[in-house]
Amino acid sequence: LLAGMRDAGAETELIQLRDLELKGCTGCYTCWVRTPGDCIHDDGMARAAGAMRGADLVVFGTPLYHYSMTGLMKTFLDRLLPEVQPWLVEDPARPGLTTHPRRHPQRPQQAMLVSPCGFPEADHFGPLVQTFRFVAERQVLALADRASDRVRVRRANQRRGGADDRIIGARPGNGFLH
């Protein structure tokens with residue numbers, strides 16, 4: 001996937017979650033109250049979140065573990081808490097529902113989920129896709145949802161082999177991403 005993006009002119013960055021040595025969110029809300037936007041943990045999360053904020057496309061990659069993501073990917077998503085403000089506002093995309101406003105104003109981003117599993121049916125991905133769609137909507141990311149995207153991603157995974165958690169930020173180059 002990354003090689004194809006680079007061949008098309010995109011600038012890419014691969015972030016291996018296991019290399020970030022992420023600590024779990026403690027739910028202390030210090031990132032909201034005492035040090036707005038800054039977590040108490042001193043690990044690689046701030047760098048990863050910054051790279052994610054600067055990307056036009058964010059590709060989340062996790063193998064399917066018991067119909068969901070790995071614990072490491074869940075830890076990463078939990079640690080995105082400092083990226084939003086603590087108060088509730090009406091969600092402009094879903095009137096009547098509330099959301100947390102983003103801490104860092106930015107342009108709209110796109111997101112993609114890449115996930116290999118041993119099952120041949122797409123149905124097994126249902127809970128994982130639902131979770132990422134929900135998170136993407138609240139993080140103001142447009143999650144790709146076309147069969148052609150899924151086929152392309154599946155073929156890329158088959159060629160790559162192996163599976164571990166990855167987040168990929170891609171920036172435009174030569175018009176690859178808009």
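The values are calculated or read from the model by the stated rules, or taken from the named source; none is laboratory data. Everything numeric here is computed off the predicted structure, so don't read it as measured data. Neighbour counts run over all protein chains shown; Cβ positions are idealised from the backbone, glycine included. Protein only, heavy atoms only, side chains kept; ligands, DNA and RNA dropped before computing areas. Shrake-Rupley method; radii C 1.70, N 1.55, O 1.52, S 1.80 Å.
Taking region 24-75 as the range and being of a type in the set (D, E, K, R) and touching a residue at least 24 places away in the same chain (Cβ under 8 Å) as the test, the residues that pass are Asp38, Arg47, Arg53, Asp56. When Val33 is tested against (1) in contact with a Ser or Thr (Cβ under 9 Å, 6 or more places away or on another chain); (2) open to solvent by 30 Å² or more (accessible area, probe 1.4 Å), only condition (1) is not met. Examine region 90-98 for a residue that is of a type in the set (Asp, Glu), in a loop (DSSP other than H, G, I, E, B) and surrounded by fewer than 17 Cβ atoms within 10 Å (Cβ to Cβ), and state whether such a residue exists. Yes - at least one qualifying residue is present in region 90-98. Taking the numbered list (1) within 17 Å of the chain's Cα centre (by Cα); (2) crowded, with 16+ Cβ neighbours inside 10 Å in turn, Cys117 passes all entries but (1).
When you check Leu14 against the structure, is it closer than 19 Å to Leu113 by Cβ, assigned to a helix (DSSP H, G or I) and of a type outside the set (Ser, Thr, Tyr), yes or no?
No, not satisfied.
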